[in-house]
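*Asks:* One structure coming up, written as structure tokens, with questions to follow.
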Amino acid sequence: MKNIENLIQKAVELQSNGLTSRQIADELNVSRDTVTWLLTRAKKDVSTPAPKDISVNWTNIGKNAYRLRNISKVLCDMVLETLEQTDDDVDLIVGIGLSGVPLASLMAEELGTDLAVFHVHYDPADDRNLKGDFSGNFSDVRGKKCVIVDDVITSGSTMMAVIQRLREEDCKPVTIAVLVDKKGAEVISDVPVRALVRIVRVD
């Protein structure tokens, strides 16, 4: 129960800092329904049943550069395995901001590719309306083959938006590499998903 109380406290803190429910969900690696439930529980409304979700906290990896580098190498190994199976190659790693960028940076170095960063934007009036664009401070994505990197896939909506934007720029996503896949997806928008950990509910 202590972990739930910590999540409630963090959700309330993030909301008081002006984050939308979508941004809170991204920060806590939970669904938007879970954020709504956490914020409702903070108001002592215990009548709402808890959503079926799993919170992912990978702070023990993210706070340590040595661990982050080694996890990135494992993800690279999984990407290389996929490229060997598909007889394909890549010349770009695309990190989804914010949490996917450190992993993507290390993977681009390890694989000897360019690096691009995708910034996610939400409509303040409707945070379910996800948009985004590529940072001009990193590599251009046009005409390249890429690996998309993020920390956690929850619903897959962010990943679908990134894939759509890449295709609009004539960039071919070859595979997706993530630490944790909560959706249990083998493929998203015809792009294979390689996850270090895949969570599947059996209830």
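The values are calculated or read from the model by the stated rules, or taken from the named source; none is laboratory data. No experiment lies behind these values; they were computed from the predicted model shown. A quick note on method: Cβ atoms are made from the backbone with ideal geometry, for glycine too, and the neighbour counts reach across all protein chains shown.
*Asks:* Given Val141, Val101, Val90, which one is surrounded by 18 or more Cβ atoms within 10 Å (Cβ to Cβ), modelled with pLDDT of 95 or more, of a type in the set (Val, Ile, Thr) and within 30 Å of Leu38 (Cβ to Cβ)?
*Replies:* Result: Val101 is the single residue among Val141, Val101, Val90 that is surrounded by 18 or more Cβ atoms within 10 Å (Cβ to Cβ), modelled with pLDDT of 95 or more, of a type in the set (Val, Ile, Thr) and within 30 Å of Leu38 (Cβ to Cβ).
*Asks:* With respect to Ala50, is the statement that it is among the small types (Gly, Ala, Ser) and outside any helix (DSSP H, G or I) true?
*Replies:* yes
*Asks:* Mind telling me which of the residues Glu27, Glu5, Glu13 ends up being within 18 Å of the chain's Cα centre (by Cα) and surrounded by fewer than 20 Cβ atoms within 10 Å (Cβ to Cβ)?
*Replies:* Glu27 is the lone residue from the list that is within 18 Å of the chain's Cα centre (by Cα) and surrounded by fewer than 20 Cβ atoms within 10 Å (Cβ to Cβ).
*Asks:* Hey, does the range 172-180 have a residue that's assigned to a loop (DSSP other than H, G, I, E, B) and within 24 Å of Arg194 (Cβ to Cβ)?
*Replies:* no
*Asks:* For Asp53, are the conditions met, namely being acidic (Asp, Glu) and under 17 Å from the mean Cα position of the chain (by Cα)?
*Replies:* Against the criterion (acidic (Asp, Glu) and under 17 Å from the mean Cα position of the chain (by Cα)), Asp53 qualifies.
*Asks:* Residues Asp133, Asp151, Asp170: which one is of a type in the set (Asp, Glu) and within 16 Å of Asp26 (Cα to Cα)?
*Replies:* Every option except Asp151 fails the conditions.
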